[in-house]
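One structure is given below, encoded as structure tokens.
Nothing in this text is a laboratory measurement; each read-out follows from the coordinates by a stated rule. All figures in this text were calculated on a predicted structure; none of them were measured in a lab. Cβ placement follows ideal geometry from the backbone for every residue including glycine, while neighbour counts extend to all protein chains displayed.
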Amino acid sequence: MPPNAELRDATSADLDALAALSIEVWLDTYALDGIPDNHARHVLRTYSPQAFAGVLQDPDKRLIVCRTDAGLLGYLQLDLEAKPVQPGSGTVEIETLYVRRHHQGMGVGCKLLEAACRLVRQAGQPKFFLTVYEGNEKAIGFYKAQGLIEEGRWTFDFEGGSAPNLIMTRDLSDAGLKTD
């Protein structure tokens with residue numbers, strides 16, 4: 001992780017940077033051949049500063065940022081009371097773990113995932129799940145290296161479009177991912 005990077009709870013001062021980073025990462029992942037109108041509508045509605053302000057007000061959600069003096073590198077959004085996407089997947093969801101492409105491979109994602117594991121354990125839950133675009137081989141490889149396993153498939157529907165996703169879970173009672 002960059003030497004002056006810190007993890008902390010997001011605040012209202014982070015809202016604009018969260019929106020910008022989210023749009024950057026989402027489009028970099030899903031809009032490979034250009035930016036279709038439905039993609040543009042989705043990111044502008046889903047990742048607005050106002051949407052993140054709502055997340056900060058939701059007692060079931062946690063938003064952790066990784067920042068340096070230069071700005072936001074990545075973030076984690078966790079839902080502690082999620083609806084399971086399939087039986088046995090757990091009720092805690094990592095809704096988003098985004099790291100800017102320029103900061104991947106520096107330990108930012110690992111630190112954010114470690115923070116998620118601590119929060120899941122503090123919530124008294126033994127397991128969490130996430131969904132990941134099945135075309136995002138880099139993210140899938142990262143999650144597998146961190147001890148997550150594929151447990152099914154799910155379709156992400158948005159603005160008249162869809163994207164096939166994998167459901168991945170992590171049982172925190174397993175050895176592997178350091179969480180302390």
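Collect the residues in the range 96-109 that are in contact with a strand residue (DSSP E or B) (Cβ under 7 Å, 6 or more places away or on another chain), more than 14 Å from Trp26 (Cα to Cα) and surrounded by fewer than 22 Cβ atoms within 10 Å (Cβ to Cβ), keeping them in residue-number order. The one that is in contact with a strand residue (DSSP E or B) (Cβ under 7 Å, 6 or more places away or on another chain), more than 14 Å from Trp26 (Cα to Cα) and surrounded by fewer than 22 Cβ atoms within 10 Å (Cβ to Cβ): His103. No other residue among Ala70, Ala31, Ala40 is without any contact (Cβ under 8 Å) to a residue 12 or more places away in the chain and under 28 Å from Thr169 (Cβ atoms) apart from Ala31. In the set (1) under 15 Å from the mean Cα position of the chain (by Cα); (2) surrounded by fewer than 19 Cβ atoms within 10 Å (Cβ to Cβ), the condition left unmet by Phe129 is number (2).
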